[in-house]
Amino acid sequence: MRSINAVLVASLFVSLLIGSEKKKIVFVLAEKEYRTAETIPTFFKEELAPLGFGADFITAPPEGPERNNLKGLTKALQNADLLFLSVRRRAPTIVQMKALRAYVESGKPVIGIRTSSHPFHLRGKPAPEGHSLWEGFDPDILGGNYSGHHGNNLKTWFQTEPTAKGHPILKGIPSAKTGKIPSGGSLYKTTPLAPTAEVLVNGFAESITQNQPVAWTHKPDSSNRVFYTSLGHVEDFKQKAFRILLLNAVHWTLELPCPGKSRFPNKEH
């Protein structure tokens, strides 16, 4: 029996490795609040690179005129299999925005985390000359409705949504019955979601009576496989459950079997 199980595990690993081989993820990292320019490349190196995924990392400085220039994005998107966003209030060049819209309109998968609910929105301000905005990205593509967040001083946690039991992205993540999973940052206000969104994980904050969805899938008009989570604080990357969630989401959006496990040691506290 042990030998059969070993063969099954080996077969699953090989299938994951073959399926993900040459799958390229374009990571766009342009925010300064949550250090995702550090945490996400580390996550990729530890979790995704060993499975055969490739990556391009597109970054922009936190301040100055170049903060709205996502250098290399247009070329990177030409052969991208997955677009992964961690962006906050940037206005890419017109050419870069055209490439972003073309990628999304092609129906290819998209993942967004944390501040990517407001990636190309300048709070009503116009884009600089030669640059462009996408103010409807959150409701139209992610299926969300970001309207701010609760206090940073409030403890937060998350639990899986009972009605989403069995969804591949939740494979390997403790169910709501097993207790609270601590999260690192403030709880985003995201409701109401689009009718076409499916809630996978709910978030809670102490002294706040209404919970908020913190992870869901969405199918926009362009029929993309979309996953978004408002988690993504630097402390979240120390939570094994969050890392499994993100790892599964990458596989699900690419229509690959979800591994349901992480190489990261369990440091949950």
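The values are calculated or read from the model by the stated rules, or taken from the named source; none is laboratory data. Treat the numbers as computed from the prediction; the structure is a model and nothing was measured. Using ideal geometry, Cβ is built from the backbone for each residue, glycine included, and neighbour counts are taken over all protein chains shown. Just so you know, the surface numbers come from the protein's heavy atoms only, side chains and all, with ligands and any DNA or RNA stripped out. Shrake-Rupley method; radii C 1.70, N 1.55, O 1.52, S 1.80 Å.
Let's see if you can work this out: charge +1 on each Lys and Arg Cβ, -1 on each Asp and Glu Cβ, no other charges. What is the dipole magnitude of the chain about its Cα centre, in debye to the nearest 20? Don't jump to the answer; show the numbers that get you there.
Working: 33 positive and 23 negative charges, 93 e Å.
Here the chain has a charge dipole of around 440 debye.
For the pair Lys125 and Thr191, what calculated FRET efficiency results from E = 1/(1 + (r/R0)^6), where r is the Cβ-Cβ distance and R0 = 35 Å, to the nearest 0.05? Write out the running numbers ahead of the final one.
Numbers: r = 26 Å, r/R0 = 0.73.
The calculated FRET efficiency here is 0.85.
For the chain, what class follows from the C-alpha gyration tensor (a ≥ b ≥ c being the square roots of its eigenvalues): rounded when a/c is under 1.5, otherwise prolate if a/b is larger than b/c, else oblate?
On the way: a/c = 1.71, a/b = 1.22, b/c = 1.41.
Oblate, since a/c reaches 1.5 and b/c is not below a/b.
Of the listed pairs Lys171/Lys238; Lys155/Lys238; Lys23/Lys108; Lys189/Lys261, which have alpha-carbon separations greater than 21 Å here? If you can, show how the numbers build up before the last one.
Details: Lys171/Lys238 18 Å; Lys155/Lys238 16 Å; Lys23/Lys108 12 Å; Lys189/Lys261 29 Å.
Listed pairs above 21 Å: Lys189/Lys261.
Run the simple label-point estimate for Val95 and Lys219 please: 7 Å along Cα→C-beta, distance reported in nm.
Distance between the two pseudo-spin positions: 3.7 nm.
Are there GluC sites (Glu not before Pro) in the stretch 60-107 that DSSP puts in a loop and that have at most 10 other Cβ atoms within 10 Å, and which ones? Walk me through the numbers before you get to the answer.
Details: sites: Glu63, Glu66, Glu105; in loops: Glu63.
Here the sparse-neighbourhood loop sites are Glu63.
Give the shape of the stretch 205-269 as rounded, prolate or oblate, defined through the alpha-carbon gyration tensor: a ≥ b ≥ c are the square roots of its eigenvalues, a/c under 1.5 means rounded, and otherwise the shape is prolate if a/b is larger than b/c and oblate if not. Spell out each step's value before the answer.
Numbers: a/c = 2.91, a/b = 1.16, b/c = 2.51.
Oblate is the answer for the stretch 205-269, as a/c is 1.5 or above yet b/c matches or exceeds a/b.
Would you mind classifying the stretch 127-236 by shape? Square roots of the alpha carbon gyration tensor eigenvalues, ordered a ≥ b ≥ c; an a/c under 1.5 is rounded, otherwise it is prolate if a/b is larger than b/c and oblate if not. Write out the running numbers ahead of the final one.
Values: a/c = 2.13, a/b = 1.32, b/c = 1.62.
The shape class here is oblate.
Report, for the chain, the % of DSSP beta bridges that are antiparallel, rounded to 5.
Details: 20 of 39 bridges.
Close to 50 percent.
As an exercise, identify the GluC sites (Glu not before Pro) in the stretch 129-220 lying in DSSP coil whose Cβ has no more than 15 other Cβ atoms within 10 Å. Walk me through the numbers before you get to the answer.
Values: sites: Glu129, Glu135, Glu198, Glu206; in loops: Glu129, Glu135, Glu206.
Taking the stretch 129-220 and a limit of 15 other Cβ atoms within 10 Å, the loop GluC sites (Glu not before Pro) found are Glu129, Glu135, Glu206.
In the stretch 144-250, which trypsin sites (Lys or Arg not before Pro) are in a loop and have at most 11 other Cβ atoms within 10 Å, using DSSP for the loop call?
Lys165
Relative contact order for the chain: what is it in percent, counting Cα pairs under 8 Å that are at least 6 residues apart?
Working: 565 pairs, mean separation 47.8, N = 269.
Dividing the mean separation by the residue count of the chain yields 18 percent.
In terms of solvent-accessible area of protein heavy atoms at a 1.4 angstrom probe, what is the ranking of Thr191, Thr59, highest value first?
Working: Thr191 50, Thr59 75 Å².
Putting Thr191, Thr59 in descending order of accessible area: Thr59, Thr191.
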